[in-house]
1. Taking the range 112-134 as the search range and keeping residues that are of a type in the set (S, T, N, Q) and outside any helix (DSSP H, G or I), which one is nearest to Ile101 (Cα to Cα)?
2. Go through the range 133-156 and give me each residue that's surrounded by 15 or more Cβ atoms within 10 Å (Cβ to Cβ) and in contact with a Leu (Cβ under 7 Å, 6 or more places away or on another chain).
3. Sort through Glu55, Glu50 and tell me the only one that's out of contact with any strand residue (DSSP E or B) (no Cβ under 7 Å at 6 or more places or on another chain), acidic (Asp, Glu), farther than 22 Å from Glu108 by Cα and part of a helix (DSSP H, G or I).
4. Does Lys158 qualify as being over 17 Å from the mean Cα position of the chain (by Cα), modelled with pLDDT under 95 and either within 23 Å of Arg35 (Cα to Cα) or not small (Gly, Ala, Ser) (or both)?
5. Those residues that are closer than 17 Å to Gly13 by Cα, of a type in the set (Asp, Glu) and either in contact (Cβ under 8 Å) with a residue 60 or more places away in the chain or assigned to a strand (DSSP E or B) (or both), I need them from the range 146-166; list them, please.
6. Here's a check for you: in the range 94-111, which residue that is within 24 Å of Gly43 (Cβ to Cβ) and in a loop (DSSP other than H, G, I, E, B) is farthest from the chain's Cα centre (by Cα)?
7. Taking Val76 as meeting all but one of (1) at pLDDT 95 or above; (2) over 16 Å from the mean Cα position of the chain (by Cα); (3) β-branched (Val, Ile, Thr), write down the number of the exception.
8. Going by the structure shown, is Gly70 in a loop (DSSP other than H, G, I, E, B), over 18 Å from the mean Cα position of the chain (by Cα) and surrounded by fewer than 15 Cβ atoms within 10 Å (Cβ to Cβ)?
Amino acid sequence: MSNNPAAITAVQGTAIPLPGNDVDTDRIIPARYLRSVTFEGLGAEVFKDERFNDEGSPKSHPFNEEKYAGAAILIVGRNFGCGSSREHAPQAIMRFGIKAIIGESFGEIFAGNCTSIGIPACTADEQTIDELQKLVQNNPQLNFDLDLEAQTLSSEEKSVAVDISPAAKTALLAGTWNTLDELLQNEAVIEEVHQRLPSFV
């Protein structure tokens, strides 16, 4: 196990079930929010058009339900995060408070963007996802433990196997998922190489 403080080995907490397949990034965070200079405040806008009507009144949506408030794990269906490759989508989900996502499958770029901000995107088969969502719907206060080393999602009522790409698992467990941080930590080495390179000016 890594001694890197950035290592992510487990995620604990309650969950939000989000039924449905092919939830694209435009539904997760509408395109008008891509003009944001920073990602700050995007958590309040996640699923904005599905959670609120034109007058700003809340609609029926799991992210609006008090019984799921404070959840750390999002349980989704097939092909979650498909569509355009906007990194604002996982950023908005993370800033809402989600620390891990379990789904049947993910858009490839979305899953990579999740890893790059420290969110494990794990998969399970359709039957398992359906059972997990129903379990949470029946008991919203049920606590889960996602163990990335063992690749299991456990609660007092159920324990299931989950999958994650080997590259994502390695990066999360080693604490090397934040590529910008890795770059900054090697600033001295980068400068040394820069000084050795010939100048073309």
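The values are calculated or read from the model by the stated rules, or taken from the named source; none is laboratory data. It should be emphasised that the depicted structure is a prediction, and the values quoted were computed from it without experimental measurement. Please note: Cβ atoms are built from the backbone with ideal geometry, for glycine as well, and neighbour counts cover all protein chains shown.
1. That would be Thr123.
2. Hits for the range 133-156 are Leu135, Val136, Leu142, Phe144, Leu146, Leu148, Leu153, Ser155.
3. Of Glu55, Glu50, the one residue that is out of contact with any strand residue (DSSP E or B) (no Cβ under 7 Å at 6 or more places or on another chain), acidic (Asp, Glu), farther than 22 Å from Glu108 by Cα and part of a helix (DSSP H, G or I) is Glu50.
4. It is true that Lys158 is over 17 Å from the mean Cα position of the chain (by Cα), modelled with pLDDT under 95 and either within 23 Å of Arg35 (Cα to Cα) or not small (Gly, Ala, Ser) (or both).
5. Selection gives Asp147 alone.
6. The selected residue is Gly107.
7. It fails just one condition, (2).
8. So Gly70 does not fit the description; no.
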